[in-house]
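Here's the structure we're looking at; comments come further down.
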Amino acid sequence: MLVEQLGYRAVLAPIEYDASAEEKKAYLACVQEHDMVIGEVGAWCSPLSPNTEERNRAITYCKNQLALAEELGANCCVNIAGSRGEKWDGFCADNYQKDTYALIVDTVREIIDAVNPVRTSYTIEPMPWMVPSSPDEYLQLIKDVDRKGFGVHLDFTNMINCPERYVHREQFIEECFRKLAPYIKSVHCKDVIMEETFPCVIREVMPGKGCLNYQKIVKLCDSLGENMTVFVEHLPDYESYREAAGFVRSQAIKAGVRLP
């Protein structure tokens, strides 16, 4: 089993809401047999699409995926806020409008209210060019959505979107955990490197290939509790995932963090 070969205990749900009852039962049995934690059910789409038909379809999909996360007992159902542009996860001037923010709040409420989750949470992954792109924006969004079923998916790398945050990266990551810790349901771990070119280029790389202090990061993740799930992502193949996970694990050992 690849999950065991990689030494993982945290897993992403490989099934969607329309899987058969038998598939869901078999997957849950496998998770329980191997003492794994389902960290995330993905709902990757744009509930803010300017195309009304696409937007309605996306909202329905999010509701169904959140219901699946509730059924599976996953830590969270995760999506991004969405974009008002043509690309579902792209940058767009309209992403920064007050009306867009109000639409995000209303949409998140609608998705959560359709399911009223108890065992899971609907979460928004931060992005560099849409709400929330900072811990304070996330806190404000939590306040404005005002639903117990709304939580935080922490991707601190996505929020390192300017030179100031890059050069003060350790303080910024500490700020993310300090402010958002009570609401965090799952974490993405990546790395970044800023190139010496103009005007500014900050690239995502795998953990260990950038400049982030992973001994500090794993300690912060560990402080969130035993069943907090932490995932590396956006890698091209099995060997890359093994290398990235191995690096994070090695930093945990050096930092004195007990691994499952």
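The values are calculated or read from the model by the stated rules, or taken from the named source; none is laboratory data. These numbers were taken from a predicted model, which means no experiment stands behind them. We place every Cβ from the backbone using ideal geometry, glycine too, and count neighbours over all the protein chains shown. Quick note on the areas: whole protein, heavy atoms, side chains included, nothing else; ligands and nucleic acids left out. Shrake-Rupley method; radii C 1.70, N 1.55, O 1.52, S 1.80 Å.
So which GluC sites (Glu not before Pro) in the range 154-236 pass both tests, a DSSP loop state and at most 12 other Cβ atoms within 10 Å of the Cβ?
Glu196, Glu226
Where the centroid of each part is defined by its Cα atoms, how far is the range 87-123 from the range 185-203 in Å?
For the range 87-123 versus the range 185-203, the Cα centre distance is 25 Å.
How big is the antiparallel share of DSSP beta bridges in the chain, given as a percent to the nearest 5?
Antiparallel: roughly 25 percent of the beta bridges in the chain.
Rule-of-thumb check for the range 142-260: C-alpha Rg over 2.2 N^0.38 Å?
1.10
Near the amide H of Phe231, under 5 Å away, which other amide H atoms are found, from residues 5 or more places off or on another chain, if H is placed in the peptide plane?
For Phe231, the qualifying residues are Val187, His188, Cys189.
Once you place label points 7 Å from the Cα toward the Cβ at Glu110 and Leu235, how far apart are they in nm?
3.8 nm
Apply the Karplus parameterisation 6.51 cos²θ - 1.76 cosθ + 1.60, with θ equal to phi minus 60°, to every residue of the range 39-45 and state each ³J(HN,Hα) to the nearest whole Hz, in sequence, with x for glycine and proline.
So the J values, rounded to whole Hz, are x, 9, 10, x, 9, 6, 5.
Could you give the accessible area per residue of the range 1-92, probe 1.4 Å, as a whole number in Å²?
It amounts to 50 Å² per residue over the range 1-92.
With N residues in the chain, what two-decimal value do you get for its Cα radius of gyration over 2.2 N^0.38 Å?
Relative to the 2.2 N^0.38 Å estimate, the chain comes out at 0.99.
Which lysines have a Cα less than 21 Å from the Cα of Lys179, not counting those fewer than 8 places away in the same chain?
Lys143, Lys148, Lys190, Lys216, Lys219
Pairs of Cα atoms under 8 Å, at least six residues apart: use those to get the relative contact order of the chain, whole percent.
Relative contact order here is 14 percent.
For the range 178-260, state which trypsin sites (Lys or Arg not before Pro) are in a DSSP loop and have at most 11 other beta carbons lying within 10 Å of their beta carbon.
Those satisfying the criteria are Arg258.
How big is the dipole moment of the range 67-167 about its Cα centre under a simple scheme where the beta carbon of each Lys and Arg is +1, that of each Asp and Glu is -1, and everything else is neutral? Debye, nearest 20, please.
Using Cβ point charges on Lys, Arg, Asp and Glu, the range 67-167 gives about 140 debye.
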